[in-house]
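Here the structure is laid out as structure tokens; the discussion comes afterwards.
Readers should treat all values here as calculations from the given coordinates under stated rules, not as data from a laboratory. No experiment lies behind these values; they were computed from the predicted model shown. Cβ placement follows ideal geometry from the backbone for every residue including glycine, while neighbour counts extend to all protein chains displayed.
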Amino acid sequence: MPLRSKDLLGLEYLEREEIELILDTAEPCKQIFTRDIKKLPTLRGKTMVNLFYEPSTRTRMSFELAGKWMSADVTNIATSTSSVAKGESLKDTARTLQALGANFIVIRHQMAGSPHLVARTVKASVINAGDGAHEHPTQALLDLFTIRERLGRIEGLKVTIVGDIMHSRVAKSNIWGLTKLGAHVTVCGPRTLIPPGLSEMGVHVTSELDDAIAEADVINVLRIQLERQKKGLFPSTREYTELYGITRERLESCKPDVLVLHPGPANLGIEITEEVAESANAAVHEQVTNGVAIRMAVLYLLSGGGKPGEIAG
Amino acid sequence: MRLLVKGGHVVDPRNRLDKVADILVEDGRILAVDAGIAAECATVLDVSGKVVVPGLIDMHVHLREPGREDEETIETGTRAAARGGFVAVACMPNTDPPLDTGAAVRFVLSRARETASTKVLPVGAITKGLAGVELAEIGELCQAGAVAVSDDGHSVGDSAVMRHAMDYASMFGIPVISHAEDTRLSAGGVMNEGLWSTRLGLPGIPAASEEIMVARDICLAELTGARLHIAHVSAAGSVDLVRRAKEKGISVTCEAAPHHFALTDEAVAGYDTNTKVSPPLRTGRDVEAVREGLADGTIDAIASDHAPHTAEEKEVEYELAAFGIIGLETSLALSITELVRPGILTMGQLVERMSYAPARILRLDWPGIAPGAVANITVLDPDHEFVVDPDEFASKSRNTPYAGRHLWGRVLATIVGGKIVYQTAGGWLDSQSLS
């Protein structure tokens, strides 16, 4: 079964089987890390454009490596040095990329729905690399992949997402992916950072961290944006750390084999201590590695490939 | 010059008409309303089997002239109004420059005389430059012909300024039309705050941002005794506040826009920027409350809040897109489809909400379909089913969320002061009658 859409705009729009197909396809992709020569011919002759309206290191580099290792021609557009700085509209930029022959457009944008606008405008496959507070599907896919790799399954697991849920596209994509694959999702954070409607999406909502993590199999710790404090959404980082910081002491009250994830970049010492982030429970660096495999799988499937075994051939 | 509107079913609750009757018009006025009028006429409109009502009034539109003639002009906007069955429209003052001086109001009226298909009733600004700080010269605005004042598009945030505006406007007997929005609460928001803003990751506008200002303005209306009109009520809490204020005898009226009884915030899924409007599309519960308010009369009037925008202003990221939906050419059909056909309003009540109530709120002389009255008449076919095609619109703009939607109710003719300013193409008119 191939993917139904030409684009990957969010996990909301994928069927469970499509998510599983991507995860299954990423497994052979990951083997490339063990090879001396990291090059597959899969996307030879295809052009991939990274269109990033927001700063990003790991996501942009991860997509770039995924494309290059599969032999695509990869171009990066930094919006501060392009026509965007001259006032070109997103739609017009999209048409320009189309005219330049792009097969894949990877877009990161501070406004929700921007990838949808691009996807409606072009024939190329559009991959959402994070749009405002909407979705960041490849991040959630790599989180799912990491959970499955570490714990062997997703169905039935208790997963707690901690932090700024309201502004987090990572949280939103994780909620869609995890609930579709049968996990029980709890979100936890200050009431000012919990958006309305989550219980209608099948998510348990609490502001009590100790309750939220006591029985958890996975804790996904979100980055807290420090500017939220300036907007009055929480009183101080000190109090945030006190109430929601994941520390060694808190971890000791959890299940011994609890898996700790963080999408990065982390504010070490604020939402998570370095001690926890570097502990055996954490998979922060595996997440980064798995991210490349997931993005290779997504590019492969969107380019029309369909059999998980084929790719590493 | 005589015109006979023949054989239609006349629905006019104020004149106790709900029967087949002919209407004879001479020199712009209604001469007689009776069964089987036999008269020599230059024009005969045979409207047998159709419905004839007092001309509709849209008390809240944006005509964009002066300043944004690329979006709409008085000419195109009133052509759209005529096509939508309206004989008069009240145009909001957020033009460029705004209608905050007598000269600006006179400009609109003079352009209307030169180019408009319908009556144009200018609404003046409450404050200079719509800035919410200093009162505009409301006396001069009234003298020039303004029928009300409003800073529509902007909320008057300073309660003292709003209080003074109400006190001052009451000297002239005109209503103060409030765009009720606590802009600190709504800041940055682009859609209703709720499940759908969470799902779509778009910044939300809580219903409370409207309800707080509705409550404040009701308090000020009670304090000042001024005539308060709340524009585009969208939230269940606002309907409830107005209902309780009316029970207390406070002088408050309000209107609702068709998109607030025809669409919910779920329509934003897919990021169609034509669903972006202020106040935003709300939840199913709010839609239900607006419908109930229209049924029990808490909501006095239906007004389109026709807000034209160019494609360039809409075909952008959702957060960057302009707020606004055009409504003049879908307002009646949406009202028939969503209110009359499901039995929420009778046709007589619809006439009340779309003709008599706006006239009463704006203090127009409005005798309806009665001998001696100016002949302002709308002829419609409530059973005509059609699919909305924005390319057929007379408006300059196309920002409608209803493209492709099946609706019932078509305007067949709009008569302003005895003159047929709009009629549908397609042969329903008696062919020899058009001289």
Taking the alpha-carbon centroid of each part, what is the distance from segment B:225-277 to segment B:334-394 in angstrom?
-> 19
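Please compute the net charge surrounding B:Ile23, taking Lys and Arg as +1 and Asp and Glu as -1 over other residues with Cβ under 9 Å from its Cβ.
Details: positive: B:Lys6; negative: B:Asp22, B:Asp34.
Net local charge, B:Ile23 excluded: -1.
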Please average, across the residues of A:107-115, the number of beta carbons from any other chain that are within 10 Å of each residue's own beta carbon, and give a whole number.
-> 5
Cβ-placed point charges (K, R +1; D, E -1), dipole of segment B:112-217 about Cα centre in debye, nearest 20 | 200
Using only the Cα atoms, work out Rg/Rh for segment A:169-237, with Rh taken as the Kirkwood radius, to two decimals.
-> 0.97
Quote the relative contact order of segment B:1-115 in percent (integer), defining contacts as alpha-carbon pairs under 8 Å separated by 6+ residues.
-> 22
FRET efficiency (A:Phe33, B:His406; Cβ distance; R0 41 Å; to 0.05) is 0.15
Report relative contact order for segment B:161-314 in percent, whole number only (criteria: Cα-Cα under 8 Å, sequence separation at least 6).
-> 23
The summed charge of the B:Thr424 Cβ neighbourhood (under 13 Å; Lys/Arg +1, Asp/Glu -1) stands at 0
What residue among A:Leu14, A:Leu222, A:Leu90 shows peak mean-square fluctuation when chain A is described by a Gaussian network model with Cα springs under 10 Å?
-> A:Leu90
Under a Gaussian network model of chain B whose springs join Cα atoms within less than 10 Å, the largest fluctuation of B:Ala88, B:Ala311, B:Ala165 belongs to B:Ala311
With the dipole of the protein assembly as shown defined by +1 on each Lys or Arg Cβ and -1 on each Asp or Glu Cβ, the option from B:Phe172, B:Gly201, A:His136 whose Cα lies farthest towards the positive pole is A:His136
For the pairs A:Lys46/A:Lys123; A:Lys172/A:Lys230; A:Lys6/A:Lys172; A:Lys38/A:Lys158; A:Lys86/B:Lys128, note any where the Cα-Cα span goes beyond 25 Å.
-> A:Lys38/A:Lys158; A:Lys86/B:Lys128
FRET efficiency for B:Ala269 and B:Arg106 from the Cβ-Cβ distance with R0 = 45 Å, rounded to 0.05, comes out at 0.50
Quick one: compute the contact order of chain B, relative version, from alpha carbon pairs under 8 angstrom and 6+ residues apart, as a percent.
-> 20
Please give the net charge around B:His9, taking every other residue with its beta carbon less than 9 angstrom from that of B:His9, where Lys and Arg add +1 and Asp and Glu add -1.
-> +1
Taking the convex hull of the alpha carbon atoms in segment B:167-269, what volume per residue do you get, in Å³?
-> 94
Charge dipole of segment A:148-240 about the Cα centre (unit charges at C-beta), most positive-ward option of A:Pro195, A:Ala212, A:Val170 = A:Val170
Per residue convex hull volume, Cα atoms of the protein assembly as shown, in Å³ = 174
P(r) over all Cα-Cα pairs of chain B, 20 Å bins from 0 to the longest distance, whole percent per bin, short to long, reads 28, 59, 13, 0
The FRET efficiency for A:Arg58 and B:Glu288, from their Cβ-Cβ distance with R0 = 45 Å and rounded to 0.05, is 0.45
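For every helix of n ≥ 4 consecutive DSSP H residues, a contribution of -39,500 (n - 2.57) applies; sum these over chain B, divide by its total residues, and give [θ] at 222 nm rounded to the nearest 500 deg cm²/dmol.
That comes out to -7500 deg cm²/dmol.
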What is the antiparallel percent of DSSP beta bridges lying wholly in the protein assembly as shown, to the nearest 5?
-> 35
Size of electric dipole in segment B:53-129: Cβ of Lys, Arg +1 and of Asp, Glu -1, about Cα centre, debye, nearest 20 = 260
The value for segment A:30-83 (convex hull of the alpha-carbon atoms, volume per residue, Å³) is 83
For segment A:49-140, Rg(Cα) over 2.2 N^0.38 Å is 0.99
With only Lys, Arg, Asp and Glu charged, each at its Cβ (+1 for the first two, -1 for the last two), find how big the charge dipole of chain B is about the Cα centre; round to the nearest 20 debye.
-> 940
Please report, largest first and rounded to whole Å, the three semi-axes of the ellipsoid equivalent to chain A, where each semi-axis is the square root of five times an eigenvalue of the C-alpha gyration tensor.
-> 32, 23, 17
Computed over the Cα atoms of segment B:228-316, what is the convex hull's projected area averaged over all directions, in nm²?
-> 5.8
Where labels lie 7 Å past Cα in the beta-carbon direction, separation of A:Glu239 and B:Thr183 in nm = 2.9
Each label sits 7 Å from Cα toward the beta-carbon; between B:Asp96 and A:Gln225 the label points are separated, in nm, by 2.9
Name all residues of segment B:84-123 having a backbone nitrogen under 18 Å from the label point set 7 Å from the Cα of B:Thr310 along its Cα→Cβ direction, giving them as ranges.
-> B:95-97
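Send over the semi-axes of segment B:276-435's equivalent ellipsoid, whole angstrom and largest first, taken as the square roots of 5 times the C-alpha gyration tensor eigenvalues.
Gyration-tensor ellipsoid for segment B:276-435: 28, 22, 16 Å.
Peptide B:190-199: average number of partner chain Cβ atoms within 10 Å per residue? Mind dumping the intermediate values first?
Numbers: counts 3, 1, 1, 3, 4, 7, 2, 6, 13, 13.
Counting other chains' Cβ atoms within 10 Å and averaging over B:190-199 gives 5.
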